[in-house]
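Chemist: Quick one: this structure, given as structure tokens, is what I'll be asking you about.
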2 protein chains.
Amino acid sequence: MSLFTDRLHADAEDVERALEAWLPMPEDDAAGNLHESMRYSALGGGKRLRGHLVLTFCTLFGGEREAALPYAAAIEMMHAFSLIHDDLPAMDNDDMRRGRPSNHKVYGEATALLAGDALALRALETAASNPYCDAKQNAEAARLLASAAGAAGMCGGQQIDLQSEQQTIPMELLTDLVLRKTGALFAVSCELGLIAASAFDEEAHASARTFARHIGLAFQITDDLLDLRSTPEVLGKTTGKDEKSGKATFPALLGVKEAEALAKSHCEQAVSLLDKLPAGDERSSLRGLCEFILTRTM
Amino acid sequence: MSLFTDRLHADAEDVERALEAWLPMPEDDAAGNLHESMRYSALGGGKRLRGHLVLTFCTLFGGEREAALPYAAAIEMMHAFSLIHDDLPAMDNDDMRRGRPSNHKVYGEATALLAGDALALRALETAASNPYCDAKQNAEAARLLASAAGAAGMCGGQQIDLQSEQQTIPMELLTDLVLRKTGALFAVSCELGLIAASAFDEEAHASARTFARHIGLAFQITDDLLDLRSTPEVLGKTTGKDEKSGKATFPALLGVKEAEALAKSHCEQAVSLLDKLPAGDERSSLRGLCEFILTRTM
């Protein structure tokens, strides 16, 4: 295995443990079903790429892994929230996620709605109360995470996504859509790593955001390509759905070949940004991440 | 008018201005519809009781009104989020709210879902970045607000509410349900006021929470009584719906007379707690609030 895949797997295990610690199953809670539903979607699955970014950027900037883990758990909870709400019938109406029935197929729509809400809230509670960081770090972490997930970021991207179905939208708007829907959480993952390392320097944050936006765009393009080409068995979720629902995607707008070239170009730009970072294992591993994003099959 | 109603109206105006400032309508945003939908539900309506509690407790503990206003806006955004999601077809399926069509009737289910999400996130972003408070205050405000709204608080209460439909549940469980569904946001409103006044003393927070739980219970009981007795014209929302959907309520469990007596008892307990507070206009006004909660017709 490569340095990157070794690290991704090790990080995924640690993020899973952190999620387990921050999402305990309470005893004798009448709302136990809600906790179960939150744990169903947040635990036991996913590549944990966002959590990996938090840990990698924290180490890269000299921070302690321990300080980054609650933020890594928080970003993965925020991601799980977005997947639950995305899959609801009022949104993408998807029955399958990570190789299992989606949350509302197991717990019903009402509980799934509440589980998404409660995961977003728990993500921010976790970020605001990371015991290995001080109040300045935690307030900034909560602010950035809430902003990235909200109307200016992810939720805004989802809204544009909804509005763009069955339409051809210009390249600029599609880029805005993807930067918000996918790029915003990648960017804040890197920034949470910086904050865990007490790096508040705006220049470092701006570079991290630029890097993350390139890999976010590349990630979404390969996601759309996999939706076109792969199978539910490999991907663990419904495929072919973008085309069916007339989603605005780069492959739909540019064709497959041009979309592949665009993803490659974004990864190359991300890699070239890495040259400005301190040399070492983290930098090498991030190169591996860029390669993975381009060539991934799941 | 009484001291309380004078203050409630003045506070409602200031909270409205703060909400307008923290929920601006962005120019040229492709997700403009989402912002419009958020503003539709958060602005221009509501008694602003929760915002009023933030401002009152801040002043009571010697804080500046200016420092409390962003937190007051945050709690009202969180309340608006809960109303939007509550009204969705998967939840209570209500077509009317505050005398207008509910959010999803105007913007559609998908945008309403996102608007609720984005308001909860914006509430926490606001709490975490209150410019009149320091990082210690803001991290604690975000932590408490997220916790009160989440699975341990409001969302957990909603879950129990769902599970209890068409069932007779014991008094203890109904109390847990209401304390979480309604009491948790009342309690954190008072606590946000304390935090804006830099009052971190656990004893003061515990007293504020106990006071808020009593008025939260009384508020929910009168809400349930109004649902039984009032009209949509007066209340601005559908009435008679609890009985129709078999909701677990105090009037349903105890009968109207006993429920009225229980609401009265909770208000009396809340008033008796006020005696421990410093004398002055705030204390008098809070007495007025207890009276209002008991006798309100809307």
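The values are calculated or read from the model by the stated rules, or taken from the named source; none is laboratory data. Predicted model, so just to flag it, every value in this text is computed and none were measured. Neighbour counts run over all protein chains shown; Cβ positions are idealised from the backbone, glycine included. All accessible areas refer to the heavy atoms of the entire protein, side chains included, with ligands and DNA or RNA removed. Shrake-Rupley method; radii C 1.70, N 1.55, O 1.52, S 1.80 Å.
Chemist: Which condition breaks for residue B:149 when tested against (1) touching a residue at least 60 places away in the same chain (Cβ under 8 Å); (2) more than 7 Å from chain A (Cβ to nearest Cβ)?
Modeler: Evaluating residue B:149 over (1) touching a residue at least 60 places away in the same chain (Cβ under 8 Å); (2) more than 7 Å from chain A (Cβ to nearest Cβ) leaves (2) as the failure.
Chemist: Can you find, within segment A:27-43, the residue that is nearest to residue A:70 (Cα to Cα) among those that are open to solvent by less than 60 Å² (accessible area, probe 1.4 Å) and not in a helix (DSSP H, G or I)?
Modeler: The qualifying residue nearest to residue A:70 (Cα to Cα) is A:43.
Chemist: Another question, then. Looking at B:276, B:244, B:264, which one is touching a helix residue (DSSP H, G or I) at 6+ places or on another chain (Cβ under 7 Å) and exposed (fewer than 13 other Cβ atoms within 10 Å of the Cβ)?
Modeler: B:276
Chemist: While we're looking at this one, here's another question. For residue A:138, all conditions in the list (1) surrounded by fewer than 24 Cβ atoms within 10 Å (Cβ to Cβ); (2) facing chain B (nearest Cβ under 8 Å); (3) more than 22 Å from residue A:216 (Cβ to Cβ) hold save one; what is the number of the exception?
Modeler: (1)
Chemist: Turning to a different aspect of this structure: Pull out all pairs, ordered by first then second residue, where Cβ-Cβ is under 9 Å, the residues are six or more apart or on different chains, the first lies in segment A:108-128 and is free of Cβ contacts under 8 Å to residues at least 24 places away in the same chain and more than 7 Å from every other protein chain (Cβ to nearest Cβ), and the second is open to solvent by 10 Å² or more (accessible area, probe 1.4 Å) and in a helix (DSSP H, G or I).
Modeler: The qualifying pairs are A:108/B:162.
Residues checked against (1) at the interface with chain A (Cβ under 9 Å from one of its Cβ atoms); (2) at pLDDT 95 or above; (3) open to solvent by 10 Å² or more (accessible area, probe 1.4 Å); (4) on the phi > 0 side of the Ramachandran plot:
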residue: B:134; (1), (2), (3), (4): yes, yes, yes, no
residue: B:145; (1), (2), (3), (4): yes, yes, no, no
residue: B:165; (1), (2), (3), (4): no, no, yes, no
residue: B:172; (1), (2), (3), (4): no, yes, yes, no
residue: B:177; (1), (2), (3), (4): yes, yes, no, no
residue: B:181; (1), (2), (3), (4): no, yes, yes, no
residue: B:187; (1), (2), (3), (4): no, yes, no, no
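Chemist: Go through B:232, B:251, B:278 for me and flag whichever is of a type outside the set (Phe, Trp, Tyr) and within 22 Å of residue B:53 (Cβ to Cβ).
Modeler: Result of the check over B:232, B:251, B:278: B:278.
Chemist: So, one more: Report yes if residue B:231 is farther than 24 Å from residue B:85 by Cα, open to solvent by 40 Å² or more (accessible area, probe 1.4 Å) and more than 14 Å from chain A (Cβ to nearest Cβ), otherwise no.
Modeler: So residue B:231 fails the test.
Chemist: Is it the case that segment B:3-26 has a residue that's outside any loop (DSSP other than H, G, I, E, B), of a type outside the set (Lys, Arg), open to solvent by less than 10 Å² (accessible area, probe 1.4 Å) and out of contact with any helix residue (DSSP H, G or I) (no Cβ under 7 Å at 6 or more places or on another chain)?
Modeler: Taking every residue of segment B:3-26 in turn, none turns out to be outside any loop (DSSP other than H, G, I, E, B), of a type outside the set (Lys, Arg), open to solvent by less than 10 Å² (accessible area, probe 1.4 Å) and out of contact with any helix residue (DSSP H, G or I) (no Cβ under 7 Å at 6 or more places or on another chain).
Chemist: Show me the helices (runs of 4 or more DSSP H) entirely contained within segment B:65-131 in which 2 or more residues are open to solvent by less than 10 Å² (accessible area, probe 1.4 Å).
Modeler: Qualifying helices (runs of 4 or more DSSP H): B:65-87, B:109-128.
Chemist: Shifting gears a bit: Here are A:32, A:51: which of them is within 14 Å of chain B (Cβ to nearest Cβ) and modelled with pLDDT of 95 or more?
Modeler: Going through A:32, A:51 in turn, just one is within 14 Å of chain B (Cβ to nearest Cβ) and modelled with pLDDT of 95 or more: A:32.
Chemist: Determine whether residue B:197 is in contact with a Cys (Cβ under 6 Å, 6 or more places away or on another chain) and either surrounded by fewer than 18 Cβ atoms within 10 Å (Cβ to Cβ) or over 22 Å from residue B:80 (Cα atoms) (or both).
Modeler: Taking the combined requirement at face value, the residue satisfies it.
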